1. Which residue is nearest to Q189 (Cα to Cα), if the candidates are limited to the range 12-41 and must be in contact with a helix residue (DSSP H, G or I) (Cβ under 7 Å, 6 or more places away or on another chain) and in a loop (DSSP other than H, G, I, E, B)?
2. Quick check on my filter: what residues within the range 374-424 are of a type in the set (D, E) and touching a residue at least 60 places away in the same chain (Cβ under 8 Å)?
3. Test each condition in (1) under 23 Å from G31 (Cβ atoms); (2) in contact (Cβ under 8 Å) with a residue 60 or more places away in the chain for L153 and report the one that comes out false.
4. Hey, could you check the range 407-434 for residues that are hydroxyl-bearing (S, T, Y) and closer than 15 Å to R232 by Cα and say which is surrounded by the most Cβ atoms within 10 Å (Cβ to Cβ)?
5. Scanning the range 114-136 for residues that are among the hydroxyl-bearing types (S, T, Y) and open to solvent by 30 Å² or more (accessible area, probe 1.4 Å), which turns out nearest to L163 (Cα to Cα)?
6. Residue under question is Q358, and the condition is that it be under 19 Å from the mean Cα position of the chain (by Cα) and outside any loop (DSSP other than H, G, I, E, B); does it hold?
7. Limited to the range 156-195, what total is found for residues that are of a type in the set (K, R) and surrounded by 16 or more Cβ atoms within 10 Å (Cβ to Cβ)?
Amino acid sequence: MKKIWTQGLEIPHFPQLNGDASTEVLVIGGGMSGILCARELQARGIECLLVEAKSIGSGITSGTTAVLCTHHDPLYQDLEARFGRETARLYGQANLEALEKYRTLAARFDCEFQERPHYRYAMTQTQAELLKTEAETLKRMGFTAEFQTETPLPFPVAGALYLPGMAQFQPLQFLYGIARGLNIRENTQVLGISGGVAFTNRGKILARKIIVATHFPLGRFRGLYALKLYQRRSYVIALEGGPDLLGTYSGMGKNSISLRNFGPYLFLSGGKHRTGQKGGWEAARSFADRYFPDLSERYAWANQDCMSLDGLPYVGQYHHGVPDLLVATGFSAWGMTNSMVAASLLADLVTGRQTPYQAVLNPSRTIFRPQLLSNLGHTLANFVRLTPRRCSHLGCALRWNPAEHSWDCPCHGSRFASDGSVLDTPAQKPVHLTNRGRLDLNR
């Protein structure tokens, strides 16, 4: 797969850990949420060390489409019904503040930041009615939103939710810029955490507080994240020479396509499915053939999102029994604004500052949601499936992914290359795969 964001950038490099160390706060994970958190802590005068298993920005952040928007799945009318109007409003307010922080930082760090309205578009009348209700819900909460029947898209829609003042940017250019001056150690993998000590492949790190910002949290059972999260893949293509759509777009429904421009390219993303199930670039390419038949595909990649049980991220105390261990995860396909929300909230928790967002995103909130039954069903089905190829995380049966030539875990989303090396966490150890011939891989 060929990703687009590193093209033309000078990639910064940081030293690896060399022996034991100590710090006030340790941040684990060098993606957007980890780097933002380390920067926020440093700005508040807190000693901080960040460690990354590979290189900063090389994981999930490198595959984002980098749309900055306050309107996330599920719809705010659903959040209001599930949690109440105030909780839904606070979630929207937190993301609106995050967008403004990006806007402020973009004035200092080049990142091709562009203000763009966001359109949530519908292709059916039923979907359009939902969006009309959504616009009314957002207005009641004090946000700016409109329902429109026309958009700049080069095809008709049944309706769209229009959100002005949203944005898009170049995520790695931004991340590399804000990382300069931070205390970072790359190629330093954390293998375990116990009693304020992180054990890495290059030494131990003693810290007063530890923040886990590793996309899917480290560990197996503490905090029940193996039950509270599942991972979902989606697929992106970049078409060269596409029209300027004058906004960013996300569709309604399982088979919807999201769109945004970047320089001479038009991104189409879709085909989302639970990791370990069948999928690929067919949805995006079929959409391109239908609506943009004269454009050539130049890049294609896939990305992976941690989905929570209820649509809200888990940001705060990792588990009620470990007050000095914090976590940020479950951004549910909207990692950019939620990363900024997490950075601010975690810095507040470290410094003892009160914030209304703590209760909204508390990782210890109830797990009794319908998605829990689905997660349990997938886990049980893949525990009992007979195959010698098992995930090194919790032992689920792996499935071959012919689109990406990888072994994927349907339980928690770990992925392995054909040689058994880890591609995506939560697995940290490689797996031993026998009979790796072509016929065997495609059974």
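The values are calculated or read from the model by the stated rules, or taken from the named source; none is laboratory data. As the structure is a prediction and not an experimental result, all values here were calculated from the model. Glycine also receives a Cβ, built like all others from the backbone with ideal geometry; neighbour counts cover every protein chain displayed. What goes into the accessible areas is simple: the full protein's heavy atoms, side chains included, and nothing from ligands, DNA or RNA. Shrake-Rupley method; radii C 1.70, N 1.55, O 1.52, S 1.80 Å.
1. Only one residue tops the list, namely G31.
2. E404, D408, D424
3. L153 satisfies every listed condition except (1).
4. For the range 407-434, the residue satisfying everything is S414.
5. Within the range 114-136, the first condition is being among the hydroxyl-bearing types (S, T, Y), and the residues that meet it are 119, 121, 124, 126, 133.
With open to solvent by 30 Å² or more (accessible area, probe 1.4 Å) added as a condition, the list becomes 124, 126, 133.
Working: T124: 20, T126: 20, T133: 14 Å.
Out of the qualifying residues, it is T133.
6. The answer is no for Q358.
7. First, the residues of the range 156-195 that are of a type in the set (K, R): 180, 185.
Filter once more, so that each one left must be surrounded by 16 or more Cβ atoms within 10 Å (Cβ to Cβ): 185.
Matching residues across the range 156-195 total 1.
Residue-by-condition table, conditions (1) of a type in the set (S, T, N, Q); (2) open to solvent by 20 Å² or more (accessible area, probe 1.4 Å); (3) outside any helix (DSSP H, G or I); (4) within 18 Å of M307 (Cβ to Cβ):
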residue	(1), (2), (3), (4)
G321	no, yes, yes, no
L326	no, no, yes, no
V341	no, no, no, yes
L373	no, yes, no, yes
